[in-house]
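One structure below.
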Amino acid sequence: MIVMKYAKQGSLRILLNSKYSELDWASKVANLYYIASGLNTIHKAKLVHKNFHSGNIVNKNKYISYITDYGLCKPVSQDSSSKALFGVLPYIAPEVLYAHGKEYTKKSDIYSFGIIMSEVFTRYPPYHDIPHDKDLATHICLGYRP
């Protein structure tokens with residue numbers, strides 16, 4: 001069991017939906033700093049998150065964010081012989097989609113962070129205006145980005 005501080009603002013997705021107009025550039029950058037710092041801590045521990053998206057980031061306030069949901073977090077060196085694909089499609093790196101889940105790496109977490117950055121600066125979830133289906137997976141693999 002992991003015990004964390006109470007996240008008064010809920011998930012990053014909820015914060016962006018409900019208080020985007022209150023978020024200035026400083027608070028957006030501060031949030032991203034805390035998210036990047038948390039991801040760096042995960043990677044320094046030689047782990048990969050594998051399910052990194054705005055719903056798995058919670059906010060203490062409009063400046064401070066924490067990464068949650070470590071259920072899929074695995075050591076970088078752990079062989080991923082499973083062909084299972086995990087995560088929320090718009091945040092999954094193209095190389096993971098190509099390999100049907102076998103290539104979760106630190107780089108794929110960083111790709112997800114880039115998608116989160118786009119979401120923080122635009123307010124909108126990635127690919128919010130198109131269905132999250134096999135066609136989206138193909139588009140992501142072909143280089144389409146939000």
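The values are calculated or read from the model by the stated rules, or taken from the named source; none is laboratory data. Predicted model, so just to flag it, every value in this text is computed and none were measured. Ideal geometry is used to build each Cβ from the backbone, glycine not excepted, and the neighbour counts take in all protein chains shown.
List the number of the failed condition for Pro126; all other conditions in (1) assigned to a helix (DSSP H, G or I); (2) within 15 Å of the chain's Cα centre (by Cα) hold.
Result: Pro126 passes all but (1).
Contact list please: Cβ distance under 8 Å, first residue in segment 133-144 and aliphatic (A, V, I, L, M), second residue assigned to a helix (DSSP H, G or I), pairs at least six apart or on different chains.
Pairs found: Leu136/Leu89; Leu136/Pro90; Ala137/Leu89; Ala137/Leu97; Ile140/Leu89; Ile140/Pro90; Ile140/Pro94; Ile140/Leu97.
Filter segment 93-109 for residues that are in a helix (DSSP H, G or I) and exposed (fewer than 15 other Cβ atoms within 10 Å of the Cβ) and give the result. So that I can check it myself, show each step before the final result.
Taking segment 93-109 first, the residues in a helix (DSSP H, G or I) are 94-98, 106-109.
Matches in segment 93-109: Tyr98, Lys107.
When only residues in segment 111-133 that are among the charged types (D, E, K, R) and more than 18 Å from His49 (Cβ to Cβ) count, which is surrounded by the most Cβ atoms within 10 Å (Cβ to Cβ)?
Taking segment 111-133 as the starting set, the residues that turn out to be among the charged types (D, E, K, R) are 119, 123, 129, 133.
Now restrict to residues that are more than 18 Å from His49 (Cβ to Cβ): 123, 129, 133.
Working: Arg123: 13, Asp129: 7, Asp133: 9.
Among them, the one singled out is Arg123.
Looking only at segment 29-54, filter to residues that are of a type in the set (A, V, I, L, M, F, W, C) and in a helix (DSSP H, G or I); which one of those is surrounded by the most Cβ atoms within 10 Å (Cβ to Cβ)? Before the answer, list the steps.
To start, the set of residues in segment 29-54 that are of a type in the set (A, V, I, L, M, F, W, C) comprises 29-30, 32, 35-36, 39, 42, 45, 47-48, 52.
From what is left, the residues that are in a helix (DSSP H, G or I) are 29-30, 32, 35-36, 39, 42.
Values: Val29: 14, Ala30: 17, Leu32: 17, Ile35: 22, Ala36: 15, Leu39: 20, Ile42: 19.
That would be Ile35.
Can you tell me which of (1) under 11 Å from the mean Cα position of the chain (by Cα); (2) in a loop (DSSP other than H, G, I, E, B); (3) modelled with pLDDT of 90 or more is the one Pro90 doesn't meet?
Checking Pro90 against (1) under 11 Å from the mean Cα position of the chain (by Cα); (2) in a loop (DSSP other than H, G, I, E, B); (3) modelled with pLDDT of 90 or more, the one that fails is (2).
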